[in-house]
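Q: Take this structure first; my questions come after.
The values are calculated or read from the model by the stated rules, or taken from the named source; none is laboratory data. All values reported here derive from a predicted model rather than from experimental measurement. Reconstructed Cβ throughout: ideal geometry from the backbone, glycine too, with neighbour counts over all protein chains shown.
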Amino acid sequence: MKKPGKNPFVPAARGILETFRSERNFKIHLVCSVLVIALGLWLGLSTTDWVWIAGCIALVLSLELLNTAIEAVVDLASPGYHPLAKKAKDAAAGAVLIGALFSVIIGTLILLPKLCTFLF
């Protein structure tokens, strides 16, 4: 139960920070996000393009946080090997993969033509 007066953003920020500290893939996604943002600023993306880019970044980072949470709960509930634990972890990782692939496609569709126009 939530204590009265407690700031709900504190545990959320703690969860993001802990995931950043402990999960290599979260760091990779974050670095890629920063690079895409820098490239988008350099290319002067439109507002519509930024909406898609921001949505993709939010999607992938959120899925990575959920994947981390699912893995932690599964490890707590099933410290040893269990086929259902593997199934849950694999499905959560698959969700991240789908989100990341979607983001790569969207990023390519937005950034590649602008980059080609800029360079050539």
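Q: Restricting attention to region 81-92, report how many residues are crowded, with 16+ Cβ neighbours inside 10 Å and hydrophobic (A, V, I, L, M, F, W, C).
A: Taking region 81-92 and keeping what is crowded, with 16+ Cβ neighbours inside 10 Å, we get 85, 88-89, 92.
Checking the rest, the ones that are also hydrophobic (A, V, I, L, M, F, W, C) come to 85, 88, 92.
Counting residues in region 81-92 that are crowded, with 16+ Cβ neighbours inside 10 Å and hydrophobic (A, V, I, L, M, F, W, C) gives 3.
Q: I'm told residue 78 meets every condition in (1) closer than 22 Å to residue 16 by Cβ; (2) surrounded by 14 or more Cβ atoms within 10 Å (Cβ to Cβ) except one. Can you identify the failing condition by its number?
A: Here residue 78 clears every test but (1).
Q: Which pairs do you get when a residue that is free of Cβ contacts under 8 Å to residues at least 12 places away in the same chain and farther than 16 Å from residue 35 by Cα, found in region 87-109, comes within reach of a residue that is assigned to a helix (DSSP H, G or I) and of a type in the set (D, E, K, R), reach meaning Cβ atoms under 7 angstrom, with the pair 6+ apart or on two chains?
A: As it stands, the answer is none, since no pair meets every condition given.
Q: Scan region 56-111 for residues that are within 24 Å of residue 30 (Cα to Cα) and either touching a strand residue (DSSP E or B) at 6+ places or on another chain (Cβ under 9 Å) or of a type in the set (Phe, Trp, Tyr) (or both) and jot them down.
A: 102 - this is the single residue of region 56-111 that is within 24 Å of residue 30 (Cα to Cα) and either touching a strand residue (DSSP E or B) at 6+ places or on another chain (Cβ under 9 Å) or of a type in the set (Phe, Trp, Tyr) (or both).
Q: Pairs, please: C-beta under 6 Å, at least 6 apart or cross-chain, first residue surrounded by 10 or more Cβ atoms within 10 Å (Cβ to Cβ) and in region 6-19, second of a type in the set (S, T, N, Q)?
A: 19/68
Q: Continuing with this model, one more query. Could you please give the count of residues in region 40-96 that are closer than 20 Å to residue 115 by Cβ and outside any helix (DSSP H, G or I)?
A: So the answer is 3.
Q: Please tell me if residue 31 is assigned to a helix (DSSP H, G or I), of a type in the set (A, V, I, L, M) and surrounded by fewer than 17 Cβ atoms within 10 Å (Cβ to Cβ). Break it down stepwise before answering.
A: Values: assigned to a helix (DSSP H, G or I): yes; of a type in the set (A, V, I, L, M): yes; surrounded by fewer than 17 Cβ atoms within 10 Å (Cβ to Cβ): yes.
The answer is yes for residue 31.
Q: Evaluate the following for residue 114: is it in contact (Cβ under 8 Å) with a residue 12 or more places away in the chain and surrounded by 14 or more Cβ atoms within 10 Å (Cβ to Cβ)?
A: Details: in contact (Cβ under 8 Å) with a residue 12 or more places away in the chain: yes; surrounded by 14 or more Cβ atoms within 10 Å (Cβ to Cβ): yes.
For residue 114, the condition - in contact (Cβ under 8 Å) with a residue 12 or more places away in the chain and surrounded by 14 or more Cβ atoms within 10 Å (Cβ to Cβ) - is met.
Q: With 45, 66, 39 as the choices, which residue is at pLDDT 95 or above, surrounded by 12 or more Cβ atoms within 10 Å (Cβ to Cβ) and closer than 26 Å to residue 12 by Cβ? Working first, answer last.
A: Numbers: 45 fails: closer than 26 Å to residue 12 by Cβ; 39 fails: closer than 26 Å to residue 12 by Cβ.
The unique qualifying residue is 66.
Q: Continuing with the same structure: What pairs come out if I take residues in region 48-71 that are without any contact (Cβ under 8 Å) to a residue 12 or more places away in the chain and within 13 Å of residue 100 (Cβ to Cβ) and pair them with residues that are surrounded by fewer than 16 Cβ atoms within 10 Å (Cβ to Cβ) and β-branched (Val, Ile, Thr) whose C-beta lies under 7 Å away, six or more apart or interchain?
A: none
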